[in-house]
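> The structure that follows is given in the form of structure tokens.
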Amino acid sequence: MANINYQSTLKSSINKSIRDRLPTISYKTQRKILLFSFLIVPLLLLCVFTLYPALQLFYLSFTYWDGFSPTKDWVGFSNYRDIFINPEMFSVFKTSLYYLGGGLLQLFLALYFAVLLNSKIRARNVFKSILFMPYIMNSVAIALIFTIFFSPEGTLNTILSLVGLDSLQHSWLGNSNLVNYALASTSIWRHMGLSLIIFLGVLQSIPKEIYEAAKIDGSSGWNTFRYITLPSIKKVFELNLILTVSGAISVFEIPFIMTKGANDSMTFVISTVDTAFKYSNFGLASAMSVILLLIVGTITLGQRLLLKERD
Amino acid sequence: MKGNIKQISWNLTKYISLLIGAIVVLIPPLVVLFSSFKTKIEYLNTDKLSLPDSFLNFENYKVVFEQGNLDVAFKNTAIILVISLIGNVIIGSCVAYALGRFDFKLKKVILGAYLVAIMIPSITTQVSTYGIITNLGVNNTLFAPILLYLGADVLMIYIYLQFIESIPKELDEAAMIEGASYFTIFTKVIFPLLAPATSTVIIIKAIAIYNDFYIPFLYIPSEELSVVSTVAYKFMGPFGGEWNVICAGVIMIIIPTIVLFLVLQRFVYSGMTNGSVK
């Protein structure tokens, strides 16, 4: 039957599109074909490049492997033991604290600017574009821009001497007491715009009438912020907070390009990359990755569960 | 009167804060822009904030374009971007249609797999992904970043899945009554209505891919496969002592994105807002 229809369609017109011909296949069969053809490639990609690597990581973390040789020696928990008895590892986690602090500061700055841009203000779009712009800039370009900014003869020191604060001039990236502040502030500079736009989007979705009603009732600016604005952005703020925490632990590009992890600016991901690709110790690097994966995974899972509970 | 003073000082605070914010954002790249027009001697002998002698001194741009491999980098970046973006749109919309409109045995399992995937940041799995890419024989080819941009990030699935929920199922049913096949419903009804999700996915992914350093740095190290990020990273080698030339390179790399951003501003903002509140 399907065959006859098929032929008659072909005969009727060669210009007729494929859709005139397909309905002759039952919806049940169509469904099977569609589900298979729409899902097979995406699922293959998902398995090969996300799920399998994660599982493989656990296996590799129990082996000694140089990345090339066909044999991987099973070493049990010794990679994990090496990580936990290595004092350098703790300093790497300490470095994340700078980015964590920077990330929190960035969120509050973003919220502050979002509230400003949501109020009656001239040249709103100009300010908004400028403040967001760093986010769309290439990460390596940003790292180079700030290498100049923080260099001994650089922009920051020039500004300091212009305002008569020569005594505050430093080799920002060369001083291990300052380098992480410099790098974390670069990170704030880069990411603040994104948080700002996200907050602003939520603020703009609050109906104007609510604010007007509050004004008529004589609510002060601070109370309006406290009781109307804050509750409505709570959820997005939490989401951003989670991203900040996992971002702080997995920071890579900016310190890698600007200092290569020198002067105590080593981060967990730089250290992992070095362990694998510089020192060819894939087993140890896998164990480090597993730890990072567990931390970030737990944070994300915790946040999801929290959100679900409340809905 | 008292309220008035309060109002005025709040207004003043607002503008001063925004001005300071704008200056802090603009100064670092502006200094780089100034430096890109300076000669080497000028760069070394003037302070960073001073304007160049001439804004028409394009010598550094010429040097960086001729010796910096930028043409190759732009070409490779464009190839990777176009293929990855098309792939992301196809994969995202197809999976969303299959999972959002049909009930079948494995659906829960697949949704669960994507849920697990979103909790695995690709930066954590690179140590083992590297082995997979090598075994597939695509290491140091443009396929490596393309495959990873398609397979190692599942954000687009979520954006599409969330959006397809808002398209009424009655539209599908109406099309079925007229005898349209599922495939026709997808291409003629669903996909066009998914346009906002498509623009969100394109914008978020384009920014992420253009700015990504990690994947190209690991997987396509060879010179002729340079992309914008890796070519910029290599500036520090040959032009190590000539920061004025590096500055020209930096400006050339950020100009295309800034221009595109200014043109597409509205879409970029809505893309960022839609993509984040998943």
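> If you scan the stretch A:243-261, which residues turn out to be in a helix (DSSP H, G or I) and in contact with a helix residue (DSSP H, G or I) (Cβ under 6 Å, 6 or more places away or on another chain)?
Answer for the stretch A:243-261, where residues must be in a helix (DSSP H, G or I) and in contact with a helix residue (DSSP H, G or I) (Cβ under 6 Å, 6 or more places away or on another chain): A:244, A:245, A:246, A:248, A:249, A:253, A:254, A:255, A:256, A:257, A:258.
> Would you call residue A:260 within 11 Å of chain B (Cβ to nearest Cβ) and within 26 Å of residue A:173 (Cα to Cα)?
It is true that residue A:260 is within 11 Å of chain B (Cβ to nearest Cβ) and within 26 Å of residue A:173 (Cα to Cα).
Every residue, every condition in (1) at pLDDT below 90; (2) assigned to a helix (DSSP H, G or I); (3) out of contact with any Leu (no Cβ under 9 Å at 6 or more places or on another chain); (4) farther than 12 Å from residue B:180 by Cα, yes or no:
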position: A:4; (1), (2), (3), (4): yes, yes, yes, yes
position: A:7; (1), (2), (3), (4): yes, yes, yes, yes
position: A:10; (1), (2), (3), (4): yes, yes, yes, yes
position: A:14; (1), (2), (3), (4): yes, no, yes, yes
position: A:23; (1), (2), (3), (4): yes, yes, yes, no
position: A:36; (1), (2), (3), (4): no, yes, yes, yes
position: A:40; (1), (2), (3), (4): no, yes, yes, yes
position: A:45; (1), (2), (3), (4): no, yes, no, yes
position: A:48; (1), (2), (3), (4): no, yes, no, yes
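> Here is a follow-up. Looking only at the stretch B:125-136, decide whether some residue is polar (S, T, N, Q), out of contact with any Phe, Trp or Tyr (no Cβ under 9 Å at 6 or more places or on another chain) and at the interface with chain A (Cβ under 8 Å from one of its Cβ atoms).
no
> I would also like to ask the following. Name the pairs whose Cβ atoms lie under 8 Å apart, with the first residue in the stretch B:12-33 and more than 7 Å from chain A (Cβ to nearest Cβ), the second buried (at least 18 other Cβ atoms within 10 Å of the Cβ), and 6 or more positions between them or separate chains?
These pairs meet every condition: B:24/A:189; B:33/B:247; B:33/B:251.
> Can you list the helices (runs of 4 or more DSSP H) found entirely within the stretch A:61-177 that contain at least 2 residues being in contact with a Leu (Cβ under 9 Å, 6 or more places away or on another chain) and either within 9 Å of chain B (Cβ to nearest Cβ) or within 26 Å of residue B:16 (Cβ to Cβ) (or both)?
A:87-118, A:124-132, A:139-150, A:155-162
> Right, here's the next one. Tell me which residues, restricted to the stretch A:32-62, are crowded, with 18+ Cβ neighbours inside 10 Å, farther than 20 Å from residue B:92 by Cβ and not aromatic (Phe, Trp, Tyr).
Listed by number, the residues that qualify are A:53, A:54, A:57, A:60, A:61.
> Let me ask something additional. Looking only at the stretch B:34-44, count how many residues are hydrophobic (A, V, I, L, M, F, W, C), more than 30 Å from the chain's Cα centre (by Cα) and more than 10 Å from chain A (Cβ to nearest Cβ).
Number satisfying all stated conditions: 1.
> Could you tell me whether the stretch B:6-13 includes any residue that is crowded, with 16+ Cβ neighbours inside 10 Å, assigned to a helix (DSSP H, G or I) and not small (Gly, Ala, Ser)?
Among the residues of the stretch B:6-13, not one is crowded, with 16+ Cβ neighbours inside 10 Å, assigned to a helix (DSSP H, G or I) and not small (Gly, Ala, Ser), which makes the answer no.
> Of a type in the set (A, V, I, L, M, F, W, C) and within 30 Å of residue A:221 (Cα to Cα): is that true of residue A:144 in this structure?
no
> Of these, B:16, B:27, which one is surrounded by 15 or more Cβ atoms within 10 Å (Cβ to Cβ), in a helix (DSSP H, G or I) and either outside the structural domain of residue B:258 (by TED's automatic domain parsing) or in contact with a helix residue (DSSP H, G or I) (Cβ under 7 Å, 6 or more places away or on another chain) (or both)?
Selected residue: B:27, the only one of B:16, B:27 that is surrounded by 15 or more Cβ atoms within 10 Å (Cβ to Cβ), in a helix (DSSP H, G or I) and either outside the structural domain of residue B:258 (by TED's automatic domain parsing) or in contact with a helix residue (DSSP H, G or I) (Cβ under 7 Å, 6 or more places away or on another chain) (or both).
> Next question, about the same structure. What number of residues within the stretch B:172-185 are more than 8 Å from chain A (Cβ to nearest Cβ) and closer than 22 Å to residue A:39 by Cβ?
Adding up the residues that qualify gives 3.
> Taking residue B:61 as the residue in question, decide whether it is in a helix (DSSP H, G or I) and within 14 Å of chain A (Cβ to nearest Cβ).
no
> While we're here: Based on this model, can you work out whether residue A:91 counts as small (Gly, Ala, Ser) and assigned by TED's automatic domain parsing to the domain that holds residue A:286?
Yes.
> Where in the stretch B:140-245 are the helices (runs of 4 or more DSSP H), entirely inside, with at least 3 residues that are surrounded by fewer than 20 Cβ atoms within 10 Å (Cβ to Cβ), without any contact (Cβ under 8 Å) to a residue 12 or more places away in the chain and assigned by TED's automatic domain parsing to the domain that holds residue B:269?
Qualifying helices (runs of 4 or more DSSP H): B:169-177.
> Just give me the residues in the stretch A:266-287 being part of a helix (DSSP H, G or I) and either out of contact with any Phe, Trp or Tyr (no Cβ under 9 Å at 6 or more places or on another chain) or at the interface with another protein chain (Cβ under 8 Å from one of its Cβ atoms) (or both), in sequence order.
Result: A:269, A:271, A:272, A:273, A:274, A:276, A:277, A:278, A:282, A:285, A:286.
> While we're on this one: Evaluate the following for residue B:216: is it under 22 Å from residue B:121 (Cβ atoms), touching a Ser or Thr at 6+ places or on another chain (Cβ under 6 Å) and not aromatic (Phe, Trp, Tyr)?
So residue B:216 passes the test.
The values are calculated or read from the model by the stated rules, or taken from the named source; none is laboratory data. For clarity, every value in this text was computed on a predicted model and none was experimentally measured. Glycine also receives a Cβ, built like all others from the backbone with ideal geometry; neighbour counts cover every protein chain displayed.
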